[in-house]
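J.: Structure below; questions to follow.
The values are calculated or read from the model by the stated rules, or taken from the named source; none is laboratory data. Bear in mind the structure is a predicted one, so any value in this text is a computation, not a measurement. Backbone-built Cβ (ideal geometry, glycine too); neighbour counts: all protein chains shown.
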Amino acid sequence: MKVLLIGSGGREHALAWKIAQSPLLTTLYAAPGNPGIATVAENLSLAVEDHDAVVAFSHDNAIDLVVVGPEAPLVAGLADALRAAGIAVFGPSASAARLEGSKGFTKDLCARYSIPTGAYRRFTEQAPALAYLDSVGAPIVVKADGLAAGKGVTVAMTLDEAKAAVRDCFAGSFGAAGAEVVIEAFLDGEEASFFCLCDGETALPFGSAQDHKRVGDGDTGANTGGMGAYSPAPIMSEAMVERTMEEIIRPTIRGMAADGHPFTGVLFAGLMITDKGPELIEYNVRFGDPECQVLMMRLESDLLPILHATATGTLDRVTATWRDETALAVVLASKGYPGSFETFTPIRALPENSAESRIFHAGTALRDGQLVATGGRVLNVTGIGADPASAQKAAYAAVDQVAWDNGFCRRDIGWRALTRA
Ligand code: AMP
Ligand code: GLY
């Protein structure tokens, strides 16, 4: 099978690493890829925004499956263009990608199909939004409707904070993404990420994880794209997974199909496990980053036939098996992230990959033969072990062998799982 992988992050390096192990694979291309991905794939300088170019490349090279990593090309309709040209693609259509692209769309779907989520209202004007805040009080959550690079959400503990967030959105802080605002009830509980593959009809549970969104130890400081993750999330017991499938995932899949936009690809549910059970915070229409890295470390099955089955409506014919171990990823980021940071700082040494640990590249590049950091989140150092403590030990042992002066990481990834044990 010839595969084209779209993306350049740690998530895509983990997918590439796993796909490359498949006996079914003949050639793996990545666009644009990164230096880590280049060790298992041929990186292409293909403009991913140019859908015609991606379709033409796929045709000319007899690509059997395109795997789309990030959300932006999905929301932009890359999967539609490929499907229209008869090319199998892992990833949803633009209309199904609205589950991530529009929070209002998802909330309306939840309301129509009785999917548990925080009570909400949608607003396109400031005055009624402020009046609504006065009527409901704090704590309350204010969200820009569209994609805002993870920055459009304010969990407001006071009414003043909530009002400031509404004013910010309507003042254009998030551009078009903030032209509509969703105000949502505050949910109290423990968060978990749950993944499920869908081929439009069949849904296959595909693991759980917990992310660490704050930049600092002890979950302090600014929100980021994720500073570390581990899998499985202990709170996602078999019973909790079944409840989530029954109350949230299956109604979503049925609803999306009934509404005329069947969902194919990976559905990533951000959950709050409250006193009442699992409630939906948000959907993403792609794998989490760095959650994907820990899932791939634990996946025993060959990934490629599973992705292909998802893309071709035959998911009922495959199963997934997992290592009964914990995987844990520590993100090494450029000093200053998530604010401004220096780029092209040299990474002088990386540890060898081993049975216990593995490095996935995110924001790296090669410059005159020297590995350099080009992004905010740069390396994902991943460990695996019998329990959270040994996975954490393996990950940090590898972290300590990275020679990169401008890098930093949290030192407490996995704390929740460790305090639980
Ligand atoms: P989102 O971008 O929707 O994932 O939101 C970012 C973070 O805000 C989530 O991971 C939660 O920690 C928090 N959050 C979002 N919605 C709620 C809610 N209704 N109640 C409590 N926390 C929330
Ligand atoms: N790590 C969170 C995300 O990928 O959305």
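J.: If I ask for residues that are crowded, with 16+ Cβ neighbours inside 10 Å and more than 19 Å from the chain's Cα centre (by Cα), which ones from segment 326-342 would you list?
T.: Residues satisfying the conditions are SER334, PHE341.
J.: So SER114 fits all but one of (1) within 24 Å of the chain's Cα centre (by Cα); (2) over 17 Å from ALA162 (Cβ atoms); what number is the exception?
T.: Here SER114 clears every test but (1).
J.: While we're looking at this one, here's another question. Taking THR326, is it farther than 20 Å from LEU295 by Cβ and among the hydroxyl-bearing types (Ser, Thr, Tyr)?
T.: On the way: farther than 20 Å from LEU295 by Cβ: no; among the hydroxyl-bearing types (Ser, Thr, Tyr): yes.
Considered against the rule, which asks whether it is farther than 20 Å from LEU295 by Cβ and among the hydroxyl-bearing types (Ser, Thr, Tyr), THR326 comes out as no.
J.: Name the single residue that is nearest to the chain's Cα centre (by Cα) among those in segment 226-251 being closer than 13 Å to PHE195 by Cα and of a type in the set (S, T, N, Q).
T.: In this case the residue turns out to be SER231.
J.: While we're on this one: Would you point out the residue of segment 1-18, among those that are more than 16 Å from ligand 2 (Cβ to nearest atom) and among the basic types (Lys, Arg), that is nearest to MET297 (Cα to Cα)?
T.: LYS18
J.: Could you list, in sequence order, all residues of segment 401-417 that are assigned to a helix (DSSP H, G or I) and touching a helix residue (DSSP H, G or I) at 6+ places or on another chain (Cβ under 6 Å)? Don't jump to the end; show me each part of the working.
T.: First pass over segment 401-417, keeping only residues assigned to a helix (DSSP H, G or I): 415-417.
Correct list: ALA417 only.
J.: Show me the strands (runs of 3 or more DSSP E) found entirely inside segment 272-367 where at least 3 residues are touching a residue at least 12 places away in the same chain (Cβ under 8 Å) and away from ligand 2 (no atom under 16 Å from the Cβ).
T.: Qualifying strands (runs of 3 or more DSSP E): 277-284, 357-361, 364-367.
J.: So THR106 passes all but one of these: (1) in contact with a Phe, Trp or Tyr (Cβ under 6 Å, 6 or more places away or on another chain); (2) farther than 25 Å from MET256 by Cα; (3) within 15 Å of ligand 1 (Cβ to nearest atom). Which condition number does it fail?
T.: (2)
J.: Is there any pair linking a residue in segment 203-224 that is on the phi > 0 side of the Ramachandran plot to one that is more than 14 Å from ligand 2 (Cβ to nearest atom) and in a strand (DSSP E or B), with Cβ under 7 Å and at least six apart or on different chains, and which?
T.: Every condition considered, the pairs that remain are GLY207/TRP322.
J.: Residues GLY383, GLY414, GLY407: which one is on the phi > 0 side of the Ramachandran plot and in contact (Cβ under 8 Å) with a residue 12 or more places away in the chain? Give the derivation first.
T.: Working: GLY383 fails: on the phi > 0 side of the Ramachandran plot; GLY407 fails: on the phi > 0 side of the Ramachandran plot.
Matching residue, one of GLY383, GLY414, GLY407: GLY414.
J.: I'm told THR202 meets every condition in (1) touching a helix residue (DSSP H, G or I) at 6+ places or on another chain (Cβ under 9 Å); (2) within 19 Å of PHE105 (Cβ to Cβ) except one. Can you identify the failing condition by its number?
T.: Just one mismatch for THR202, condition (2).
J.: Just give me the residues in segment 187-204 being within 11 Å of GLU279 (Cβ to Cβ) and more than 16 Å from ligand 2 (Cβ to nearest atom), in sequence order.
T.: Answer for segment 187-204, where residues must be within 11 Å of GLU279 (Cβ to Cβ) and more than 16 Å from ligand 2 (Cβ to nearest atom): LEU187, ASP188, GLY189.
J.: While we're here: Mind listing whichever residues of segment 244-255 are of a type in the set (Lys, Arg) and under 13 Å from ALA269 (Cα atoms)?
T.: Restricting attention to segment 244-255, the residues satisfying the condition of being of a type in the set (Lys, Arg) are 250, 254.
Once the filter is applied, which keeps residues that are of a type in the set (Lys, Arg) and under 13 Å from ALA269 (Cα atoms), segment 244-255 yields only ARG250.
J.: If you take the residues of segment 177-195 that are more than 10 Å from ligand 1 (Cβ to nearest atom) and aromatic (Phe, Trp, Tyr), which of them is surrounded by the fewest Cβ atoms within 10 Å (Cβ to Cβ)?
T.: If we take residues in segment 177-195 being more than 10 Å from ligand 1 (Cβ to nearest atom) and aromatic (Phe, Trp, Tyr), then PHE195 is surrounded by the fewest Cβ atoms within 10 Å (Cβ to Cβ).
J.: Let me ask something else. Do we find a residue being part of a strand (DSSP E or B), touching an Asp or Glu at 6+ places or on another chain (Cβ under 8 Å) and buried (at least 18 other Cβ atoms within 10 Å of the Cβ) anywhere in segment 384-400? Spell out how you get there, then give the answer.
T.: Step one: of segment 384-400, the residues part of a strand (DSSP E or B) are 384-385.
Going one step further and asking which of them are touching an Asp or Glu at 6+ places or on another chain (Cβ under 8 Å), we end up with 384-385.
This time we only want the ones that are buried (at least 18 other Cβ atoms within 10 Å of the Cβ), so: 384-385.
Yes.
J.: Might you check whether a residue that is aromatic (Phe, Trp, Tyr) and either in contact with a Lys or Arg (Cβ under 9 Å, 6 or more places away or on another chain) or in a helix (DSSP H, G or I) (or both) occurs anywhere in segment 159-172? So that I can check it myself, show each step before the final result.
T.: Looking only at segment 159-172, we keep the residues that are aromatic (Phe, Trp, Tyr), and these are 170.
Subsequent filtering for residues that are either in contact with a Lys or Arg (Cβ under 9 Å, 6 or more places away or on another chain) or in a helix (DSSP H, G or I) (or both) retains 170.
Looking for residues that are aromatic (Phe, Trp, Tyr) and either in contact with a Lys or Arg (Cβ under 9 Å, 6 or more places away or on another chain) or in a helix (DSSP H, G or I) (or both), one finds at least one in segment 159-172, hence yes.
J.: For GLU201, state whether it is modelled with pLDDT under 95 and within 15 Å of ligand 1 (Cβ to nearest atom). Give the derivation first.
T.: Numbers: modelled with pLDDT under 95: yes; within 15 Å of ligand 1 (Cβ to nearest atom): no.
Spelling it out, it is not the case that GLU201 is modelled with pLDDT under 95 and within 15 Å of ligand 1 (Cβ to nearest atom).
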